[in-house]
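Asker: Before I ask anything, here is the structure I am working with.
Each value in this text was obtained by applying a stated rule to the coordinates, not by laboratory testing. Everything numeric in this text was worked out from a predicted model, so none of it was measured. FYI the Cβ positions are ideal-geometry reconstructions off the backbone, even for glycines, and counts take in every protein chain you see.
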Amino acid sequence: MLTTSTQIKSLFTSSVICFLCASQCAFAGLNKWVDEKGNVHYGDRVPPSYLKKEHSLLSEQGVILRTTEAKKSEEELSAEQAERAIKQKSDTKRLIAERKQQLHDRMLLDTFTTEADLVRAIEARVDTVNSQIALAETLIKNDETLLNEVKLQIKSIENSGRKPPENLHKKIKTIGYQMEKNFAYIEDKTNERTEILQTLEKDIKRYRILMKKKHEAIEKAKKLKKEQSLYQ
């Protein structure tokens, strides 16, 4: 009797499973696709010409069970890859800039106690650059004096009917080369001074923002500590 009951139960379970599978098979093959004119089509199978285009599998109730996206062309894939590369490069550049800003902010807070300290530090750098420019200008004046002396010496020798020594002409070239180097040095230092002054303006604004946030955080912590003490 037990065996017969078990067999009946097993047969019933198998019948249910077969029915469910048959139901799924009956409706799982309903596909949806759109042709080139925008017309929607339904069918048991998607035509081969539309397999690479977007199509969907529908349930008995018409609910989308699965959507197969259209396969992209090589040009589209290449364009997406290029776009991803550009985005990655942009993200990397942004992260580097953010990291540099964080390090600079940390330096400002760790190095300078007050805004006046920051100003004095920048002014000291400007004074150093000014001294370097002044020294180069002095060297140029000395070279100009020396150059005039050598030229007068050559002229004097030529006026006497003699040929000036080759070393005097080489000396003129050497002095001229040294003067060009000092003029270039002054130009570089002048640009450096401009950048320092521009940095000073930016750093002061940034320092004020950082100090405001720092004071706000301290006040917030004090307020929180005071509130906690009231409930203890």
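Asker: By the gyration tensor of its Cα atoms, with a ≥ b ≥ c the square roots of the eigenvalues, what is the shape of the range 62-112: rounded for a/c under 1.5, prolate for a/b over b/c, or oblate?
Answerer: Note, shape of the range 62-112 comes out oblate.
Asker: Among the chymotrypsin sites (Phe, Trp or Tyr not before Pro) in the range 124-232, which ones are in a DSSP loop with at most 14 other Cβ atoms within 10 Å of the Cβ? Mind listing them?
Answerer: Sparse-neighbourhood loop chymotrypsin sites (Phe, Trp or Tyr not before Pro): TYR231.
Asker: Within the range 140-182, list the residues whose amide N lies under 20 Å from a label point set 7 Å along Cα→Cβ of THR190.
Answerer: 140-145, 176-182
Asker: Between LYS213 and SER78, what FRET efficiency follows from the Cβ-Cβ distance if R0 is 41 Å, with the result rounded to 0.05?
Answerer: Plugging the Cβ-Cβ distance into 1/(1 + (r/R0)^6) gives 0.35.
Asker: What distance in nm separates the two pseudo spin-label positions at LYS223 and VAL34, each 7 Å out from Cα along the beta-carbon direction?
Answerer: 5.3
Asker: Continuing with this model, one more query. Once phi is turned into ³J(HN,Hα) by the Karplus curve 6.51 cos²θ - 1.76 cosθ + 1.60 with θ = phi - 60°, what whole-Hz value does each residue of the range 78-93 show in order, with x for glycine and proline?
Answerer: 5, 5, 5, 5, 5, 5, 5, 5, 5, 5, 4, 5, 5, 5, 5, 4
Asker: Relative contact order of the chain, please, whole-number percent, based on alpha carbon pairs below 8 angstrom and at least 6 residues apart.
Answerer: Reported relative contact order: 14 percent.
Asker: Oh, and also: Give the peptides 160-168, 198-206 in descending order of average Cβ contacts within 10 Å, highest first.
Answerer: Result, highest mean first: 198-206, 160-168.
Asker: Let me ask you something else. Could you sort the peptides 107-113, 50-56 by per-residue average Cβ neighbour count (10 Å cutoff), highest mean leading?
Answerer: 50-56, 107-113
Asker: Which lysines, if any, have their Cα less than 21 Å from the Cα of LYS32, not counting same-chain residues under 8 positions apart?
Answerer: Output for LYS32: LYS52, LYS53, LYS71, LYS72.
Asker: What is the local net charge at LEU168, summed over the other residues whose Cβ is closer than 12 Å to its Cβ (Lys, Arg +1; Asp, Glu -1)?
Answerer: Here the charged neighbours net out to +4.
Asker: Can you work out the FRET efficiency for the pair ASP117 and LYS155, with r the C-beta to C-beta distance and R0 = 45 Å, to the nearest 0.05?
Answerer: 0.20
Asker: Now a separate question. Match the structure shown to one of the listed values [x] 85, 39, 15; [y] 31, 21, 16; [z] 62, 22, 17 of semi-axes √(5λ) of the Cα gyration tensor in Å, computed from it, and give that label.
Answerer: It is the value labelled [x].
Asker: Moving to a separate point now. What nm value, rounded to one decimal, do you get for the distance between GLU69 and GLU201 when each label is placed 7 Å out toward the C-beta?
Answerer: Result for the modelled spin labels: 4.8 nm.
Asker: Students often forget the sequence filter, so: which lysines lie under 24 Å Cα-Cα from LYS222 once same-chain residues fewer than 8 apart are removed?
Answerer: Within reach: LYS212, LYS213, LYS214.
Asker: Can you give the extra length, in nm with one decimal, that the chain gains between LEU168 and LYS181 once fully stretched, where that is 0.36 nm per residue apart less the Cα-Cα distance?
Answerer: 2.7 nm
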